[in-house]
Amino acid sequence: MKKIEHIGIAVKNLEVSNLIFEKLLGAPAYKFEDVESEGVSTSFFAVGPNKIELLAATNPDSPIAKFIEKKGEGIHHIAFEVEDILSEIERLKSEGFVVLNEVPKKGADNKLVVFLHPKSTNGVLIELCQEIK
Ligand SMILES: C[C@@H](C(=O)O)C(=O)SCCNC(=O)CCNC(=O)[C@H](O)C(C)(C)COP(=O)(O)OP(=O)(O)OC[C@H]1O[C@@H](n2cnc3c(N)ncnc32)[C@H](O)[C@@H]1OP(=O)(O)O
Ligand SMILES: [Co+2]
C-alpha cells in the first residue's frame, strides 16, 4: 500500500457539494468524471498528495444511492494506492478479506479499482487502486 489515494464522500447533489468543498479547501475541483459502470458522477479535489472524491448517484441502483438511503451523506470509502493490484488481491484474500471484484475494473481518474467488503474491514469500505500507465 503506497498511500491514501482518495477519500470518497457520498453526496446527494454534486453541484451543491462542489461549492462546499471548493470553499472548504480553497480551490475548485480539478476533474469531473462519470463512471457509468458504478452509477456515479464524481468530482476530484487535490489536497497535497491526496484527493477527495465526491460521488453522487446517477441511478437508483447505484451503491451511492443505496448508501445515502441507509446512512445519509458522508464518508463512503477510503482508497489506497497500490503498486500491483493483482498481487494485493491475492495477499488480502489469503489474510481473509472479502474481495468484492476479483477482476479489477476501470474506475475514475485513470485507475484500475478493486473493493473489499466493509463487513471484513471493520465497517469501512476499502478501495484499492492502481494507476493505468
Ligand atoms: C469511481 C470509483 C473510483 O474511485 O474510481 C468509485 O469510488 S465508485 C464507488 C461506488 N462503488 C462501490 O461502492 C462498489 C463497491 N460497493 C459494493 O459492492 C456495495 O456498495 C457493497 C459495499 C457490497 C454494499 O452493497 P449493499 O448495500 O447492496 O449490500 P448490503 O445491503 O448487503 O450491505 C451490507 C452492509 O454493508 C453496509 N454498507 C454498504 N455500503 C457501505 C459503505 N460504503 N461503507 C460501510 N458500510 C457499507 C450496509 O449498510 C450493510 O450493513 P448492515 O448489514 O449492517 O445494514
Ligand atoms: Co473511489
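The values are calculated or read from the model by the stated rules, or taken from the named source; none is laboratory data. What you see is a predicted model; the values in this text were computed from it and never measured. Methodologically, a virtual Cβ is constructed for each residue, glycine included, from the backbone with ideal geometry; neighbour enumeration extends over all protein chains shown. Heavy atoms of the whole protein, side chains included, go into the accessibility calculation; ligands, DNA and RNA do not. Shrake-Rupley method; radii C 1.70, N 1.55, O 1.52, S 1.80 Å.
Rounded to the nearest 500, the helix-only mean residue ellipticity at 222 nm of the chain stands at -7000 deg cm²/dmol, with each DSSP H run of n ≥ 4 adding -39,500 (n - 2.57). Fully extending the segment from Ile132 to Lys2, taken as 0.36 nm per residue of separation minus the present Cα-Cα distance, adds 45.3 nm.
What fraction, in whole percent, of alpha-carbon pairs in the chain exceed 20 Å separation? Don't skip to the answer; put the middle values down first.
Working: 3769 of 8778 pairs.
Roughly 43 percent, rounded to a whole number.
Among residues other than His77 with Cβ under 9 Å from its Cβ, the summed charge is -2 (Lys and Arg +1, Asp and Glu -1).
Nothing charged except the Cβ atoms of Lys and Arg (+1) and of Asp and Glu (-1): what's the magnitude of the dipole of the chain about its Cα centre? Round to the nearest 20 debye.
Values: 16 positive and 21 negative charges, 59 e Å.
Rounded to the nearest 20 debye, it is 280 debye.
Accessible area per residue for the chain is 57 Å², calculated with a 1.4 Å probe on protein heavy atoms, without ligands, DNA or RNA.
As a length-normalised measure over Cα pairs under 8 Å and 6 or more apart, the relative contact order of the stretch 3-131 settles at 25 percent.
Cα centroid separation, the stretch 1-70 to the stretch 79-107: 21 Å. With 26 Å as the limit on Cα-Cα distance, the pairs of Lys2/Lys119; Lys23/Lys70; Lys12/Lys106; Lys12/Lys51; Lys2/Lys93 that go past it are Lys23/Lys70. With a Förster radius of 35 Å applied to the beta-carbon distance between Val16 and Glu83, the computed FRET efficiency rounds to 0.45.
What is the percent carbon and sulfur in the accessible area of the chain, measuring with a 1.4 Å probe over the protein chains and ignoring ligands?
Numbers: 4300 of 7600 Å².
The computed percentage sits at 57.
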